[in-house]
Amino acid sequence: MPEDIRKTHVLNTIANYFGFDYDALTPLSDHRALGNFLDDANCPLLSATRGHKHSVNLSNEIKVTEGSQCLVQFKVRPDVITPENVHTNIFLSSMIDSPLDSLYYMIKSVFTPALRDNNADSKAIEQSKDIERAKYFLELLDPIKADFNKLENLTLTELVEVVDKTQDAYDELWKQVEHDEYPEQRMKNLLSITSNAFVQTVQKQLSNIDLWSDSKDSIKSREYLRNGATICGQWSLSIERLTGTYWRNYNPHPWKGEPFKATYLLQFKKRLNEIISIRSSYEQSIRFSSTTNKENLSPKKVFAPFMNLNAIQIDPYTDSQWYSAMNQFENLMTNTDRDVAKQLREHFQTIRSNPQQMLVDFKRYSDLIQRETIRKDLASERELLLGQLESDIRTLTDEFNNLTNGRMGVGGKKSITRGVNRTVIAGLLDASRQIETKVNNIITDGEKLLGDLSGYARVASLAKQLKQDLINWRKDKFREWCQDTIHAIDDPKQELSLETSGRLMELDSRDGKLRVLYGDRLVTLLNEVRQLSSLGYDIPSKIMKCVDIGKKFYQYGVELQAVAHFYNTIDTEMIPSQQSLMLDLAKSFERLVKDPKVSRNKSVFINEQTIC
């Protein structure tokens with residue numbers, strides 16, 4: 001096992017402080033308090049107290065007695081200690097007589113002179129022009145402030161709601177235009193801190209759960225594990241959407257770097273899924289096993305390799321111990337796995353002619369099939385499934401080609417539109433996303449169930465290429481829509497331009513009827529923008545300006561239609577004696593409608609009372 005430079009650093013610091021040889025402290029390398037301090041982000045400190053005969057006592061609490069020597073190492077930030085932050089995230093303080101005396105001497109001798117002699121920072125704060133900006137940012141984050149203040153006291157179910165609220169708050173922070181942009185590097189830091197906070201909260205919820213028992217609480221522990229994995233997955237997906245799609249396409253403040261990856265959160269999610277898989281595969285094995293074999297499958301025996309590990313703590317130095325324990329577990333389950341593989345093979349033989357049902361059952365027993373022995377024994381069945389996934393990819397490729405060639409919904413093919421008011425552009429983009437979702441499922445299922453097969457690389461390549469083609473096509477289609485729409489707005493001869501800058505009403509010279517010039521194209525544009533925005537697309541400002549005008553027109557569209565109907569039918573509804581009384585008002589109204597200075601470039605709205 002490679003040297004843990006974190007432990008070396010901490011123990012060297014203790015040895016130097018007490019004047020001991022480092023070798024004398026090496027037995028403390030496996031001390032639980034040291035492991036907690038390094039691997040548990042929620043553990044804030046490590047105290048080292050000098051004992052009798054040159055010994056050192058380690059603890060995660062400060063216990064100072066009169067006349068004792070104590071060195072406290074504590075974290076500046078609540079993070080797991082890594083080789084990268086070991087020199088920047090650990091602060092030192094010695095304890096003399098009592099914590100209060102130590103604090104007094106530190107303030108008096110160290111910090112008071114430093115603050116008195118260096119007032120540059122205070123001047124910078126007083127003169128900072130960013131104070132108002134910072135206050136505004138704080139206001140944007142206020143909706144989630146209370147949640148994060150009590151984060152560790154929330155249940156995992158409540159935490160799911162906090163994840164959604166956090167995504168909304170950060171999206172608003174990134175897109176704000178009242179002040180200078182929120183910097184990308186700072187947002188990366190914020191996302192990293194938030195990710196670690198969610199991990200720490202889940203870890204705390206799981207810390208009192210026995211992950212390896214088969215007691216009446218085992219169902220509860222599985223539920224906690226799944227909820228924890230769901231929270232991590234939901235937040236990682238939120239980050240991916242924000243930094244990979246929404247912000248990257250937000251022209252006023254685009255995300256320029258690579259999509260952010262919350263590495264520690266992803267590692268923790270992977271560990272939770274591994275624990276879930278181990279538990280699930282064990283329970284499925286029990287159901288498949290004979291009565292005799294069940295006696296050799298007690299949780300105490302098969303989970304023994306994990307008993308002395310803190311499975312929910314993640315760092316490079318304990319990873320090797322974790323995977324060693326997993327290998328031991330596999331070895332203990334070998335005989336059982338052969339028996340299970342035989343029964344699964346017989347089951348898949350009965351449904352061999354139904355590939356879709358095979359896929360369903362493979363996913364159902366996916367945790368079992370990931371075990372080495374079972375995976376090898378079911379090689380031929382998995383090859384058959386691989387062929388089915390390749391066929392599915394080709395079918396989805398055909399669907400995509402039909403979509404791009406405008407053949408969806410023709411000749412009995414599946415329609416792209418859903419809902420009466422679904423616009424063409426939104427239907428196309430949404431249909432491509434549905435195809436991509438199916439492709440993603442194939443990639444996920446294939447990697448999990450078939451990743452070790454020689455032919456999988458080819459199928460995975462086809463799937464990933466199709467996914468990229470779908471993404472590129474959506475980008476091109478949206479860009480094309482933006483260009484066409486802006487051209488229609490700018491071109492005075494286009495219907496859309498006339499509807500947003502021309503007359504609202506006109507008299508038809510052929511039949512004298514009054515017509516409202518609020519056409520279908522503008523209504524369609526309003527629906528397109530609404531639906532595209534709901535899909536996460538950033539609409540260009542020029543189109544949004546046109547939409548804002550269109551909304552004002554639309555607000556009075558129904559009233560104008562009523563006015564036109566009243567004007568066009570009034571002659572048949574009035575008695576002859578009233579016609580002479582209405583003549584002057586009718587002529588005035590006609591002049592108003594015909595006058596280009598009034599009806600062009602101005603929003604003039606008339607109600608029935610105006611001409612009555």
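So which of His52, His9 ends up being surrounded by fewer than 13 Cβ atoms within 10 Å (Cβ to Cβ) and either assigned by TED's automatic domain parsing to the domain that holds Ile193 or out of contact with any strand residue (DSSP E or B) (no Cβ under 7 Å at 6 or more places or on another chain) (or both)?
His52
Quick test for you: out of Pro44, Pro2, Pro99, Pro27, pick the one residue that is modelled with pLDDT under 85 and under 20 Å from Thr318 (Cβ atoms).
Being modelled with pLDDT under 85 and under 20 Å from Thr318 (Cβ atoms) holds for just one of Pro44, Pro2, Pro99, Pro27, which is Pro2.
Restricted to segment 355-379, and to residues that are within 11 Å of Ser281 (Cβ to Cβ) and assigned to a loop (DSSP other than H, G, I, E, B), which residue is farthest from the chain's Cα centre (by Cα)?
It comes out as Arg371.
Pairs, please: C-beta under 9 Å, at least 6 apart or cross-chain, first residue part of a helix (DSSP H, G or I) and in segment 527-549, second of a type in the set (Lys, Arg)?
Listed pairs, sorted by first residue: Asn527/Arg422; Gln531/Arg422; Val547/Arg530.
Report those helices (runs of 4 or more DSSP H) wholly inside segment 235-343 carrying at least 3 residues which are in contact (Cβ under 8 Å) with a residue 12 or more places away in the chain.
Output list reads 263-288, 299-302, 316-332.
Output the residue which, of all residues in segment 125-144 that are at pLDDT below 90 and hydrophobic (A, V, I, L, M, F, W, C), is farthest from the chain's Cα centre (by Cα).
Across segment 125-144, the extreme among qualifying residues is Ile125.
Run Asp210 past the list (1) touching a Ser or Thr at 6+ places or on another chain (Cβ under 9 Å); (2) touching a residue at least 40 places away in the same chain (Cβ under 8 Å) and report the number of the one that doesn't hold.
Looking at each condition in turn, Asp210 falls short on (2).
Would you be able to say whether some residue in segment 145-158 is in contact with a helix residue (DSSP H, G or I) (Cβ under 6 Å, 6 or more places away or on another chain), in the same structural domain as Thr230 (by TED's automatic domain parsing), assigned to a helix (DSSP H, G or I) and at pLDDT below 85?
Yes - at least one qualifying residue is present in segment 145-158.
Test each condition in (1) farther than 26 Å from Ala229 by Cβ; (2) exposed (fewer than 14 other Cβ atoms within 10 Å of the Cβ); (3) at pLDDT 90 or above for Gln356 and report the one that comes out false.
(3)
Considering only residues that are closer than 15 Å to Leu242 by Cβ and in contact (Cβ under 8 Å) with a residue 60 or more places away in the chain, which ones fall in segment 131-163?
Val163
Could you pull out the residue among Thr395, Thr437 that is exposed (fewer than 13 other Cβ atoms within 10 Å of the Cβ), modelled with pLDDT of 90 or more, under 28 Å from Leu526 (Cβ atoms) and among the β-branched types (Val, Ile, Thr)?
Being exposed (fewer than 13 other Cβ atoms within 10 Å of the Cβ), modelled with pLDDT of 90 or more, under 28 Å from Leu526 (Cβ atoms) and among the β-branched types (Val, Ile, Thr) holds for just one of Thr395, Thr437, which is Thr437.
For Ser454, all conditions in the list (1) surrounded by fewer than 16 Cβ atoms within 10 Å (Cβ to Cβ); (2) among the hydroxyl-bearing types (Ser, Thr, Tyr); (3) touching a residue at least 60 places away in the same chain (Cβ under 8 Å) hold save one; what is the number of the exception?
(3)
Would it be correct to say that Asp171 is surrounded by 12 or more Cβ atoms within 10 Å (Cβ to Cβ) and over 28 Å from Lys300 (Cα atoms)?
Judged against the criteria, Asp171 is a match.
What residue, among those in segment 163-200 that are β-branched (Val, Ile, Thr) and within 17 Å of the chain's Cα centre (by Cα), is farthest from Leu309 (Cα to Cα)?
So the residue we want is Thr166.
Can you tell me which of (1) polar (S, T, N, Q); (2) part of a helix (DSSP H, G or I); (3) in contact with a helix residue (DSSP H, G or I) (Cβ under 8 Å, 6 or more places away or on another chain) is the one Ser213 doesn't meet?
(2) is the only condition that Ser213 fails.
Quick check on Leu34: is it among the aliphatic types (A, V, I, L, M) and surrounded by fewer than 18 Cβ atoms within 10 Å (Cβ to Cβ)?
no
Which residues, counting only those in segment 230-265, are surrounded by fewer than 20 Cβ atoms within 10 Å (Cβ to Cβ) and aliphatic (A, V, I, L, M)?
If the condition is that a residue be surrounded by fewer than 20 Cβ atoms within 10 Å (Cβ to Cβ) and aliphatic (A, V, I, L, M), then Leu237 is the only one that fits.
The values are calculated or read from the model by the stated rules, or taken from the named source; none is laboratory data. No experiment lies behind these values; they were computed from the predicted model shown. In this analysis, Cβ positions are derived from the backbone assuming ideal geometry, glycine residues included, and neighbour counts consider all displayed protein chains.
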